Amino acid sequence: LNQNSQARLSITGHTDAIGSDEYNQALGYRRAQIVQTYFESKGISANKIIMESKGEKVPSDDNNTATGRTKNRRTVIIIKK
């Protein structure tokens with residue numbers, strides 16, 4: 001990332017559907033922030049990182065089951081070139 005001036009790291013936090021929309025939006029953002037802090041500690045410049053939260057809006061599985069909710073609590077990292 002630091003060697004390619006065009007490359008960016010996209011970090012998106014997601015949650016399950018338990019709790020309010022506002023709470024989950026903030027929780028997703030906190031998840032993304034933790035990952036951002038990790039990458040910065042490894043030498044990735046903050047201006048190379050794009051963070052966002054999708055909260056509960058983009059589930060990867062069914063929020064009506066415990067297994068599905070577990071899969072929805074995640075952080076997605078994408079390298080954009």
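The values are calculated or read from the model by the stated rules, or taken from the named source; none is laboratory data. Keep in mind that what you see is a predicted model, and the values were worked out from it rather than measured. As a convention, Cβ positions derive from the backbone with ideal geometry for all residues, glycine included, and neighbour counts pool all protein chains shown. Accessible surface areas use protein heavy atoms only, side chains included; no ligands, DNA or RNA. Shrake-Rupley method; radii C 1.70, N 1.55, O 1.52, S 1.80 Å.
Out of the stretch 51-77, which residues are aliphatic (A, V, I, L, M) and under 10 Å from the mean Cα position of the chain (by Cα)?
M51, V76, I77, listed by residue number.
Name the single residue, out of those in the stretch 27-51 being part of a helix (DSSP H, G or I) and open to solvent by less than 40 Å² (accessible area, probe 1.4 Å), that is farthest from T75 (Cα to Cα).
This residue is K48.
For the stretch 2-18: of the residues being more than 18 Å from the chain's Cα centre (by Cα) and touching a residue at least 24 places away in the same chain (Cβ under 8 Å), which is most open to solvent (accessible area, probe 1.4 Å)?
Ranking the candidates gives Q6 first.
Hey, A46 hits all of (1) at negative phi; (2) of a type outside the set (V, I, T); (3) at pLDDT 95 or above but one; which does it fall short on?
(3)
Among the residues of the stretch 3-36, count how many are hydrophobic (A, V, I, L, M, F, W, C) and in contact with a Ser or Thr (Cβ under 9 Å, 6 or more places away or on another chain).
6
Would you mention how many residues in the stretch 12-26 are in contact with an Asp or Glu (Cβ under 9 Å, 6 or more places away or on another chain) and not in a loop (DSSP other than H, G, I, E, B)?
So the answer is 6.
Looking only at the stretch 66-81, which residues are open to solvent by less than 60 Å² (accessible area, probe 1.4 Å), out of contact with any Gly (no Cβ under 6 Å at 6 or more places or on another chain) and under 18 Å from Y38 (Cα atoms)?
Scanning the stretch 66-81 gives R74, V76.
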